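Working notes, structure below.
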Amino acid sequence: MSYKHQVAEMIASALVHMGVDSLNKEQVYGMLETPPNPAMGDIAFPCFQLAKALRKAPPMIATELAANISGSPLQEVKAVGPYVNLFLDQAAVSTQVIGTILAQGAAYGQSNLGQGRNVPIDLSSPNIAKPFSMGHLRSTVIGNAIANIMEKQGYKPVRINHLGDWGTQFGKLIVAYRLWGDEEKVKAEPIKELLHLYVKFHEEAEKDPSLEDQGREWFKKLEDGDEEAQHLWSWFRDESLKEFMKIYDLMNVSFDSTHGEAFYNDKMDRVVSLLEEKGLLTESDGAQVVSLDEYDMPPCLIKKSDGATLYATRDLAAALFRHETYDFAKAVYVVGNEQRLHFQQLYKVLEKMGYPWAANMHHIPFGMMLKDGKKMSTRKGKVVLLEEVLAQAIADVQKVIEEKNPSLANKEEVARQVGVGAVIFHDLKNYRLNDINFSWEEMLTFEGETGPYVQYTHARACSLLRKGNYQPASSSELVPGALEGKEAWAVVTLLNAFPEVVDRAGNQFDPSLIGKYVIDLAQVFNKFYANVRILAEEDAVKASRLQLVAAVVVVLKEGLRLLGLAAPEEM
Ligand code: ARG
């Protein structure tokens, strides 16, 4: 139990003693504040809310309450106006926090909130035969971090790559390939070549509109299982996936399922007949739609006049499939903010179909990646290839390593971990709905709020443990006084907060809380390191301080892991 929970329990039982039984320890916990200035105490409890129940002025209540609370982990309790200010016994708390972390290791912060229940997380989901965009990068890193964080909360995340592998564009692509395609070129650079063919199709179709008809025909053939069409489609899909896999491998992201849109082809009829049975389908301009007038939303398109189904139909089928397959606690969709309406419509249709579990579905939107104030676009061949971004980041880090630490072992692997980490962290340190300004300088520096900075701090702490010959087995007693001082205390307080931050990040689907947390922890640790002697101390003091360093290593590494970053021990 964290010290804050202990304090909440102490306050709650003192309140019962005073005749207040309307506040349980959870509620008290929620009311605890951090005083603006550490000199006023470590924790504050406001008494305003109690005035009514006790028919007394808050300052009087505070005085009475303060007199009723004492004992470990508290050193002093003071009433100040309407507040009870509590001072912790810092030595006792430090021992407890560090001891817990060193005993639990990477499991520190693990909870069982999710009770092993499934959470399908729809992430990445790029479109076949198109470049992997910055939006897909954001979805990948945010979704992967959410999966890690929820796993730490005791859920069972199911990472699903809902590939955009179906739709009329594949008819067009087949036409273009049959007219102008070259097998060798596609094999050599699939995405580039397929994109080229797709762009060419549109250019040519402006001159010759009959191409559009041919595209529709070929899509129809594809839907009807025509052998040539199927063959080309699955070849395009395989080649594209191979390309995407390179990116996933670099980023160390893997999926539990790559059921894309095409997977739902044979599950669409059921959706349509369910909607029909429930009397939800209406006709609009020859198309079948579900009206959402009552929510002031445009209708949800289910079937076009030519019988073709749509993106939304496939998402309905996917939602049913996920519900039936995973019986999920929550279902998460990490998809750009542009698709907000699509997901609102999806939930409303499911609600109208009578599925209460629609309430457990969450669209997790995110903002755009901007460069010089403009969206980084993949259209018209002006491609910012993500692979190139990652390759560039890795190369830059390699250069720094060659300059600063040429004898480093595993240079290449470390460069990958730090280069890719920089790209991921640059994304995750910001609240996801904010647009991000893509900046090499900001992303790659070893100072400031960057992935490399946190990784470097972790590596420095590791090297301190090596130099100090830190022995995990002997780390039991902290020597009194070894961890006195505001620098050490700032580190301990933050270490103690980690489980709470994990929980908040999970409940709010907000990895940036972990991003900010690891930056804060790195900063307070570096302050401690700069101001407190560690290695030049006598053995017992040194050992105590090294325990704090070891606890920082555990938590920084685990925080980075949750975000999807490696923590090299040397760099
Ligand atoms: N492929 C889509 C796109 O790139 C994203 C799919 C998101 N997932 C979903 N279930 N709709 O825009």
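The values are calculated or read from the model by the stated rules, or taken from the named source; none is laboratory data. Since this is a predicted model, take the numbers as computed values, not measurements. Cβ coordinates were reconstructed from backbone atoms using ideal geometry, including for glycine residues, and neighbour counts include every protein chain displayed. Calculation scope for accessible area: heavy atoms of the full protein, side chains included, ligands and nucleic acids excluded. Shrake-Rupley method; radii C 1.70, N 1.55, O 1.52, S 1.80 Å.
Structure summary
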quantity	calculated
Quotient of C-alpha Rg and 2.2 N^0.38 Å, computed over segment 464-538	1.32
Cα long-axis angle, helix 134-152 against the chain (0 to 90 degrees, to the nearest 10)	50 degrees
Segment 1-91, relative contact order [Cα under 8 Å, separation at least 6], %	26 percent
Coordinate range along principal axes, alpha carbons of segment 215-277, Å, largest first	46, 30, 16
Helical contribution to [θ] at 222 nm, DSSP H n ≥ 4, -39,500 (n - 2.57), averaged over the chain, rounded to 500	-17500 deg cm²/dmol
Point-to-point label distance, residue 504-residue 387, nm (Cα→Cβ direction, 7 Å offset)	4.1 nm
Sequence-distant residues sharing a close amide H with residue 128 (under 5 Å, placed H)	164, 165
Average accessible surface area per residue within segment 51-97, 1.4 Å rolling probe, Å²	51 Å²
For the chain, share of DSSP beta bridges that run antiparallel, in % to the nearest 5	60 percent
Segment 1-157 shape via C-alpha gyration tensor axes, a/c threshold 1.5	prolate
Spacing of the two label points (7 Å from each Cα toward its C-beta) at residue 117 and residue 92, in nm	3.8 nm
Two-decimal Rg to Rh for segment 421-571 - Kirkwood Rh, Cα set	1.00
Crossing angle, helix 210-223 versus the chain [Cα axis fit, 0-90 degrees, rounded to tens]	70 degrees
Accessible area of residue 420 in the full protein assembly, 1.4 Å probe (Å², nearest 10)	10 Å²
Accessible area (Å², 1.4 Å probe, nearest 10) - residue 407	100 Å²
Cα gyration tensor of the chain - equivalent ellipsoid semi-axes, whole Å, descending	52, 33, 17
The chain: angle of helix 58-67 to the longest principal axis, Cα-based, in degrees nearest 10	60 degrees
FRET efficiency for residue 523 and residue 374, using Cβ-Cβ distance with R0 set to 25 Å, rounded to 0.05	0.15
Surface share of carbon and sulfur [accessible, 1.4 angstrom probe, percent] for segment 16-82	54 percent
The chain, relative contact order [Cα under 8 Å, separation at least 6], %	15 percent
Geometric extent, Cα atoms of segment 7-89 - Rg, Dmax (angstrom)	11.4, 33
Subset of 156/429; 411/557; 374/557; 187/557; 303/352; 267/371 violating a 29 Å alpha-carbon distance limit	374/557; 187/557; 267/371
